[in-house]
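Enquirer: Structure below; questions to follow.
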Amino acid sequence: MNPLVEVRGAVKRYPGVTALGGVSLQIRSGEVVAIIGENGAGKSTLMKILGGLVLPDEGEILVDGKPTIIDSVNKATALGIALIHQELNTLDNIDVAGNVFLGREPSRFGLMDRARMRSEASALLERLGLPISVDTPLDKLSLAQKQMVEIAKALSQNAGVLIMDEPTSSLTLSETDQLLRIVKDLRERGVGIAYISHRLGEVTQIADRVVALRDGKNAGDLAKDEITHDNMVRLMVGRDLDRIHLPAADSIGADRLIVRKLRTQRYPDCEVSFEVKAGEIFCLAGLVGAGRSEVVQTVFGTDPALGGDVTLDGVTVALGRPKAAIASGICLVPEDRRSVGLIVDWSVKTNMTLPGLAKYARGGLIDGKAEAEAAAAESTALGVKTPTIEAAVANLSGGNQQKVVVGKWMLQDPKVLIMDEPTRGVDVGAKAEIYELMRRLTSAGVAILMVSSDMEEVLGVSDRVAVMHEGSITGVLDNKDCSEEGIMRLAVGKGS
Ligand SMILES: Nc1ncnc2c1ncn2[C@@H]1O[C@H](COP(=O)(O)OP(=O)(O)OP(=O)(O)O)[C@@H](O)[C@H]1O
Ligand SMILES: [Mg+2]
């Protein structure tokens, strides 16, 4: 039987980079092919070729054995290929139902059939276990919920080939489980699935075959019984790499950031109190919707506080004013890099140095050389893969964009660094680099407040973990008392 789709020798060049240097891939009916590789290896580019978003410079695509040119998204849709994007493509001012059927609105007598859209969209949301109304505008949803809407949109196309580019990067354990169940169900119905993820545990659970890319080339395949964490890392990185193992904090000092009775807009009736000590990595864990991002955004001032107070080294921080927070030494690496973290049309350098531009001022002028040196050093330290630091951030791969956001705030010499999903979409090697930088900052006395949905990260990196459930902290655990089960119990509100 022919593969559903096959790519032969795809080449795609961009100025200064060869994104794909002759990659081949087959996707068969009823299999989940995981595509793995470091940030910038070419995974998304390969998927965009199948989705009709990028035309290869060389190479061939066969659909059901026949050479085919996929030169538009409509063409891909007509061929039964659906793509879930890595960077979400939802429209914020339209509701859930509208987003699910965007561009394919069902009609009746020439009019948009709103009732059918609503009922089909709500059936899909139910299947995904997403308890929201289809009339909710997207800007009221969290990043994870938007990601689920994007997934519902792809499912609504009933495609024969489903491409999922990091579908779980913002999801926590229970939503990920739900998604993996759906993937298995689709596989049973004969759908061919290409699944990209940096979460190797997930890949081990779901993949029938692994295809690894390295620097735009095929780096090797793994059959089902060869899929292990270590084998995958070896193919991606080209060498062995230790699992996350961060040394414990060497010296934890006094309370640096104290949050008392903070009330957020999302959960106005809940009060949240905690403190983060100098030299400590303090993590907020919990399910999507538990209110973790709202808490850190309220501390930082991008969300209004309904009550409570925050002090840094004993000095009160004005709430509701990010500028005041930054001036007092609090920085935030946001969860949603596209909308609040980066100006994607600007260069890597400018994105990294902008918030602290004053540091490079000499007699009223910006010292361009000092600015470039600082950005280049940070970009090298984080291993940002870019032809030059003058390249636009929009052209970087997803994981490399994330490194730029992290680098930007690390350059600010913060006293308190808040990181919301700091390694979303970042590959294993670069994760280790970010963790080491975090530890280096805490060794210098910085207090780090992290929100993370990645269980390996929560367990491997945090000195203490506070678990949230529906707006309240249900328990705080020391690293040595942490376990996945213990955190999950608190996350569903059961107490320890
Ligand atoms: N439109 C573009 N213009 C210039 N360069 C690009 C463009 N799109 C991708 N690239 C480059 O091609 C390479 C491959 O990028 P791609 O997005 O496919 O990587 P990826 O494997 O998906 O990485 P990640 O895990 O970070 O998402 C990167 O070096 C990237 O900077
Ligand atoms: Mg990608």
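Enquirer: Just checking, how many residues over the stretch 387-422 are free of Cβ contacts under 8 Å to residues at least 60 places away in the same chain and open to solvent by less than 10 Å² (accessible area, probe 1.4 Å)?
Expert: Residues in the stretch 387-422 being free of Cβ contacts under 8 Å to residues at least 60 places away in the same chain and open to solvent by less than 10 Å² (accessible area, probe 1.4 Å): 2 in total.
Enquirer: What is the residue count in the stretch 96-129 for residues that are part of a loop (DSSP other than H, G, I, E, B), under 14 Å from Glu150 (Cα atoms) and free of Cβ contacts under 8 Å to residues at least 40 places away in the same chain?
Expert: 1
Enquirer: Checking the condition closer than 15 Å to Ile418 by Cα, free of Cβ contacts under 8 Å to residues at least 24 places away in the same chain and loosely packed, with under 15 Cβ neighbours inside 10 Å, which residue from Ala358, Ala327 passes?
Expert: Details: Ala358 fails: closer than 15 Å to Ile418 by Cα.
Answer to the check: Ala327.
Enquirer: Here is a further query. Residues Met438, Met468, Met488, Met450: which one is aliphatic (A, V, I, L, M) and surrounded by fewer than 19 Cβ atoms within 10 Å (Cβ to Cβ)? Step through it out loud before you land on a result.
Expert: Values: Met438 fails: surrounded by fewer than 19 Cβ atoms within 10 Å (Cβ to Cβ); Met468 fails: surrounded by fewer than 19 Cβ atoms within 10 Å (Cβ to Cβ); Met450 fails: surrounded by fewer than 19 Cβ atoms within 10 Å (Cβ to Cβ).
Answer to the selection: Met488.
Enquirer: Anything in the stretch 190-226 that is more than 16 Å from ligand 2 (Cβ to nearest atom), outside any strand (DSSP E or B) and in contact (Cβ under 8 Å) with a residue 60 or more places away in the chain? List them, or say none.
Expert: Gly190, Val191, Gly201, Ile206, Ala207, Asp208
Enquirer: Just to check your reading of the model, which residue among Arg104, Arg127 is open to solvent by 60 Å² or more (accessible area, probe 1.4 Å) and either within 16 Å of ligand 1 (Cβ to nearest atom) or within 26 Å of the chain's Cα centre (by Cα) (or both)? Break it down stepwise before answering.
Expert: Details: Arg104 fails: either within 16 Å of ligand 1 (Cβ to nearest atom) or within 26 Å of the chain's Cα centre (by Cα) (or both).
Sole residue among the options that is open to solvent by 60 Å² or more (accessible area, probe 1.4 Å) and either within 16 Å of ligand 1 (Cβ to nearest atom) or within 26 Å of the chain's Cα centre (by Cα) (or both): Arg127.
Enquirer: A further question follows. Restricting to the stretch 51-95, and then to whatever is of a type in the set (S, T, N, Q) and not in a loop (DSSP other than H, G, I, E, B), can you tell me which residue is surrounded by the fewest Cβ atoms within 10 Å (Cβ to Cβ)?
Expert: Of the stretch 51-95, the ones of a type in the set (S, T, N, Q) are 68, 72, 74, 77, 86, 89-90, 93.
Those still in the list that are not in a loop (DSSP other than H, G, I, E, B) too: 74, 77.
Details: Asn74: 12, Thr77: 17.
Ranking the candidates gives Asn74 first.
Enquirer: Also, quick follow-up: Say whether the condition of being surrounded by 19 or more Cβ atoms within 10 Å (Cβ to Cβ) and within 15 Å of ligand 1 (Cβ to nearest atom) is met by at least one residue in the stretch 362-374.
Expert: No: the stretch 362-374 contains no residue that is surrounded by 19 or more Cβ atoms within 10 Å (Cβ to Cβ) and within 15 Å of ligand 1 (Cβ to nearest atom).
Let's see how each residue does on (1) more than 20 Å from Leu62 (Cβ to Cβ); (2) part of a strand (DSSP E or B); (3) more than 23 Å from the chain's Cα centre (by Cα):
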residue	(1), (2), (3)
Pro3	no, no, yes
Arg8	no, yes, yes
Val11	no, yes, yes
Ala19	yes, yes, no
Gln26	no, yes, yes
Ile35	no, yes, no
Glu38	yes, no, no
Ala41	yes, no, no
Ser44	yes, no, no
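Enquirer: Take the residues of the stretch 156-193 that are in contact with a Ser or Thr (Cβ under 9 Å, 6 or more places away or on another chain) and among the polar types (S, T, N, Q): which is farthest from ligand 1 (Cβ to nearest atom)?
Expert: This residue is Gln157.
Enquirer: Select, from Asp71, Asp57, the only residue that is more than 26 Å from the chain's Cα centre (by Cα) and either within 12 Å of ligand 2 (Cβ to nearest atom) or touching a residue at least 40 places away in the same chain (Cβ under 8 Å) (or both).
Expert: Values: Asp71 fails: either within 12 Å of ligand 2 (Cβ to nearest atom) or touching a residue at least 40 places away in the same chain (Cβ under 8 Å) (or both).
That would be Asp57, the only listed residue that is more than 26 Å from the chain's Cα centre (by Cα) and either within 12 Å of ligand 2 (Cβ to nearest atom) or touching a residue at least 40 places away in the same chain (Cβ under 8 Å) (or both).
Enquirer: Going by the conditions given, is Asp250 closer than 28 Å to Glu485 by Cα and acidic (Asp, Glu)? Lay out the reasoning, then the answer.
Expert: Values: closer than 28 Å to Glu485 by Cα: yes; acidic (Asp, Glu): yes.
Spelling it out, Asp250 is indeed closer than 28 Å to Glu485 by Cα and acidic (Asp, Glu).
Enquirer: To continue, here is another question. Would it be correct to say that Glu335 is charged (D, E, K, R), within 16 Å of ligand 1 (Cβ to nearest atom) and part of a loop (DSSP other than H, G, I, E, B)?
Expert: Numbers: charged (D, E, K, R): yes; within 16 Å of ligand 1 (Cβ to nearest atom): no; part of a loop (DSSP other than H, G, I, E, B): yes.
Judged against the criteria, Glu335 is not a match.
Enquirer: Restricting attention to the stretch 375-386, report how many residues are among the hydroxyl-bearing types (Ser, Thr, Tyr), in contact (Cβ under 8 Å) with a residue 12 or more places away in the chain and open to solvent by 20 Å² or more (accessible area, probe 1.4 Å). Spell out how you get there, then give the answer.
Expert: Of the stretch 375-386, the ones among the hydroxyl-bearing types (Ser, Thr, Tyr) are 379-380, 386.
When the remaining residues are screened for being in contact (Cβ under 8 Å) with a residue 12 or more places away in the chain, the result is 379, 386.
Restricting the remaining residues to those that are open to solvent by 20 Å² or more (accessible area, probe 1.4 Å) gives 386.
Count: 1.
Enquirer: What's the number of the condition Ser156 fails, among (1) among the small types (Gly, Ala, Ser); (2) more than 30 Å from Lys431 (Cβ to Cβ); (3) within 16 Å of ligand 2 (Cβ to nearest atom)?
Expert: The failed condition is (3).
Enquirer: Here's something else I'd like to know. Out of the residues in the stretch 419-465 that are hydroxyl-bearing (Ser, Thr, Tyr) and more than 24 Å from Met488 (Cα to Cα), which is farthest from ligand 1 (Cβ to nearest atom)? Please lay out each step first, then the result.
Expert: Let us first name the residues in the stretch 419-465 that are hydroxyl-bearing (Ser, Thr, Tyr), namely 423, 435, 442-443, 452-453, 462.
Remaining after also requiring more than 24 Å from Met488 (Cα to Cα): 442-443.
Details: Thr442: 26, Ser443: 28 Å.
Only one residue tops the list, namely Ser443.
Enquirer: Another question, if that's okay. Go through the residues of the stretch 200-212 one by one and say whether even a single one is of a type in the set (D, E, K, R) and either touching a Ser or Thr at 6+ places or on another chain (Cβ under 6 Å) or closer than 27 Å to Leu490 by Cβ (or both).
Expert: So the first thing to find is which residues in the stretch 200-212 are of a type in the set (D, E, K, R), and the list is 202, 208-209.
With the extra rule that they be either touching a Ser or Thr at 6+ places or on another chain (Cβ under 6 Å) or closer than 27 Å to Leu490 by Cβ (or both), the set shrinks to 202.
Yes: the stretch 200-212 contains one or more residues that are of a type in the set (D, E, K, R) and either touching a Ser or Thr at 6+ places or on another chain (Cβ under 6 Å) or closer than 27 Å to Leu490 by Cβ (or both).
Enquirer: Within the stretch 165-175, take every residue that is more than 16 Å from ligand 2 (Cβ to nearest atom) and surrounded by 21 or more Cβ atoms within 10 Å (Cβ to Cβ) and give me the one that is nearest to Val458 (Cα to Cα). Full working, then the answer.
Expert: Step one: list which residues in the stretch 165-175 are more than 16 Å from ligand 2 (Cβ to nearest atom), which gives 171-175.
Checking the rest, the ones that are also surrounded by 21 or more Cβ atoms within 10 Å (Cβ to Cβ) come to 171-172, 175.
Values: Leu171: 14, Thr172: 11, Glu175: 17 Å.
Once the filter is applied, the top-ranked residue is Thr172.
Enquirer: Gly42: closer than 30 Å to Ile389 by Cβ and either within 16 Å of ligand 2 (Cβ to nearest atom) or touching a Ser or Thr at 6+ places or on another chain (Cβ under 6 Å) (or both), yes or no? If you could, list the steps in order and put the result at the bottom.
Expert: Details: closer than 30 Å to Ile389 by Cβ: yes; either within 16 Å of ligand 2 (Cβ to nearest atom) or touching a Ser or Thr at 6+ places or on another chain (Cβ under 6 Å) (or both): yes.
Yes.
The values are calculated or read from the model by the stated rules, or taken from the named source; none is laboratory data. None of these values were measured; they are calculated from a predicted model. Quick reminder, even Gly has a Cβ in these numbers, built from the backbone with ideal geometry, and neighbours come from all protein chains shown. SASA here: full protein model, heavy atoms, side chains in, ligands and nucleic acids out. Shrake-Rupley method; radii C 1.70, N 1.55, O 1.52, S 1.80 Å.
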